[in-house]
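Below is one structure; the comments refer to it alone.
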Amino acid sequence: MGIPNKFKIYLQKGLITKLDLEKLIELDNNYVMTIISNFIDLCKPNKITVISDSKEDIDYVRQKTIQVGEESKLNLEGHTIHYDGFETMSDHDQARDKEHTQVLLPIEDKNTYPWINTMNRKEGLDEILEIMDGCMKGHECLVRFFCLGPKRSKFSILALQLTDSFYVAHSEDLLYREGYEEFKTLNGSNNFFYFIHSTGPLKDNIPVTKDLTKRRIYIDLEEGRVLSCYNTYAGNSLGLKKLALRLGIFKANNEDWLTEHYFIMGLHPKEKNRTTYAAGAFPSACGKTSTAMLPGQTIVGDDIAYLRIWDDKFCHGVNIERGIFGIIKDVNIKDDPEIFKALTSPREVIFSNVLVNDEVPYWLGDGREHPDDGFNFSGKWHEGIRDKNGIEIPLAHPNARYTMKINELSNADKMLNDPNGVAINIIFYGGRDSDTMPPILESIDWKEGVFSGASIESETTSATIGKEGVRKMQPMANLDFLVVPLGTYLKNHEKFGASLISPPKVFATNYFLKNKEGKYHNGILDKLVWVMWAELRVHDDVDAIKTPIGYIPIYSDLKELFKIYLNKHYSEADYLEQFSIRTENLVQKLNRVENMYKEERWIPPFFWDILNKQRNELLTLQKHHNKINILPTDF
Ligand code: SPV
Ligand code: MN
């Protein structure tokens with residue numbers, strides 16, 4: 001490939017070095033060159049730097065992020081702190097911005113999509129391209145190549161990222177596999193996603209976005225790209241995370257596979273020489289990472305997975321990431337020992353939006369004594385300080401996070417980078433539900449499993465901007481990222497399971513059940529017992545009790561599991577209370593599910609059949625026993 005004229009000019013102007021231009025030319029891909037020149041001309045950075053897979057290039061990003069102040073060093077080797085924008089406790093860049101994340105639809109599409117933020121494509125592009133005009137002035141634009149999924153794998157999708165944030169680029173090094181060499185295997189095709197990101201102008205004292213009112217995240221399905229500007233929070237800025245999740249959902253729905261908001265883990269039951277792989281979706285801040293990091297088990301991934309019907313006709317899955325961007329709140333030695341150990345030992349970790357005092361990071365629920373001042377996401381902080389609206393600023397943001405690689409953890413699964421993925425036998429779905437679902441429940445079959453995932457209900461958390469504690473339906477914990485009608489998405493699930501020799505068993509978990517006094521019924525690590533029960537079910541090692549909503553465990557099996565895994569006595573009284581079938585609450589929940597799903601016209605018939613069947617059976621049960629809470633012993 002010769003040097004395109006545009007690039008000759010960049011070279012003359014000193015915008016790019018000869019060496020960096022050669023790195024681009026070597027890819028021999030006109031699409032890559034066109035995308036870069038289009039956005040360089042629009043965003044107007046003062047320098048273009050091309051990062052290959054070399055250690056030297058990756059070290060450059062790591063050093064520059066410190067030099068420009070997007071990250072600062074902490075007391076332990078490899079630990080750094082990064083802050084995202086903050087004005088007040090309700091106006092900040094500390095979480096995903098749902099309102100300004102829009103899916104661009106072609107003008108011909110006159111449908112309404114009840115749960116998707118949509119915008120006319122032309123209007124959206126006009127708006128965001130205007131905002132992005134000159135948005136990188138004075139900045140260095142990094143050109144990055146990544147691979148979503150293991151290298152050399154049928155699962156994987158390549159991704160090009162342009163960003164003027166060293167923090168974004170550094171995070172992506174920890175979270176995603178290198179893709180520069182992979183791009184050479186494209187042979188000039190345009191079969192990749194691309195992401196353009198800019199922080200926009202930064203504040204003088206600390207490099208965070210100055211004007212959050214211009215924050216936009218626009219998803220252009222037609223072009224397989226996402227444009228994101230005036231933000232730094234990873235859920236808004238990193239192309240490969242939630243932005244690629246949306247493009248992946250679109251592609252998977254068109255090609256009969258699944259892109260899901262799933263963790264993947266290896267379960268290693270005691271005294272049984274086997275590993276069983278499980279995936280699972282929970283809305284943000286509902287215990288997803290801590291499930292994937294349960295003691296004694298191994299982690300493949302904690303956030304996003306691609307699943308395919310593999311050559312052996314079983315469901316295989318891969319983690320599209322290789323790192324964790326986890327919530328740090330409540331990570332302490334008692335409740336999350338694996339994560340806590342990883343965060344308090346030397347390794348490459350980016351802490352974000354926590355309190356730093358004397359180069360030591362502190363966060364909410366870390367189980368340690370806290371200093372009463374320091375520096376945090378709001379700037380200089382001291383105990384009792386309030387924002388402009390008089391709202392008290394906590395020492396760390398509730399959605400403060402850490403970013404690190406999985407392969408450095410002692411509990412990393414050895415299949416993490418296998419191009420064939422792992423065979424998934426279990427799927428967990430769960431939400432934050434104080435009064436309706438039991439702690440663990442197995443669906444009768446795949447379709448009921450899809451229904452169960454589709455009817456996850458959860459109380460909102462700090463992971464998105466907005467009010468906390470409101471009960472919301474969270475189908476497959478993926479509603480925030482849907483770019484196709486929910487019905488289309490569910491039909492794709494139905495079809496996927498029907499094409500498998502033996503679809504995964506689906507389980508609903510609920511870690512958040514509360515008693516009458518409003519206290520949680522279960523300890524945080526009790527989830528180990530629930531997941532291990534599911535593992536036994538997959539291998540037909542234990543029986544279960546059939547109820548209208550699915551199978552629940554038998555007391556003696558749980559009692560034994562509590563003893564084996566937690567060395568705890570599990571009382572029958574606890575069991576009876578936790579595993580009662582709360583017919584009244586369940587029927588009300590089904591009514592809410594019905595009301596929500598009525599809003600869309602594409603919902604497949606199997607969904608309504610299951611809803612009506614479960615509701616009728618619950619009502620019959622209630623009548624038969626003449627009470628609303630049916631004990632496991634009543635079946
Ligand atoms: C989530 O909120 O589901 C996360 C973090 O995994 S974010 O990158 O913000 O999406
Ligand atoms: Mn997530």
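Taken together, the values in this text are just the output of simple stated rules run on the coordinates, not laboratory data. Being a predicted model, the structure only gives us computed values, none of them experimental. All Cβ positions, glycine included, derive from the backbone under ideal geometry; neighbour counts span all protein chains shown.
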Mind checking Rg over Rh on the chain, alpha carbons, Kirkwood formula for Rh? 0.97
What do you get for trypsin sites (Lys or Arg not before Pro) in segment 307-342 restricted to DSSP loop and a cutoff of at most 12 other Cβ within 10 Å of the site's Cβ? LYS313, LYS334
Estimated FRET transfer efficiency when R0 is 25 angstrom, pair LEU19-SER189 (beta carbons, to 0.05): 0.45
I'd like the Karplus ³J(HN,Hα) series for segment 589-602: coefficients 6.51, -1.76, 1.60, θ = phi - 60°, whole numbers in Hz, and an x wherever there's a Gly or Pro. 5, 4, 5, 5, 4, 4, 4, 5, 5, 4, 5, 10, 8, 9
Tell me whether segment 513-623 comes out rounded, prolate or oblate; compute the Cα gyration tensor, take square roots of the eigenvalues as a ≥ b ≥ c, and use a/c under 1.5 as the rounded threshold. prolate
Taking only the Cα atoms of segment 325-408, how large is their convex hull per residue, in Å³? 91 Å³
Sticking to Cα atoms, compute the Rg of segment 1-86 to one decimal and its Dmax as the biggest Cα-Cα distance, whole number, in Å. 15.9, 48
Are any of the pairs LYS151/LYS251; LYS210/LYS251; LYS13/LYS251 more than 29 Å apart by Cα-Cα distance, and if so, which? LYS210/LYS251; LYS13/LYS251
If R0 is 56 Å, what FRET efficiency do you get for LYS627 and LYS73 from their C-beta distance, rounded to 0.05? 0.35
With label points set 7 Å from each Cα along the Cα-to-Cβ direction at ILE501 and LYS568, the distance between them in nm comes to 3.8 nm
Using 1/(1 + (r/R0)^6) with R0 = 41 angstrom and r between the beta carbons of GLU577 and THR488, what's the FRET efficiency to the nearest 0.05? 0.55
Under a Cβ-only charge scheme (Lys and Arg +1, Asp and Glu -1), can you give me the dipole magnitude of segment 325-408 about the Cα centre, in debye to the nearest 20? 260 debye
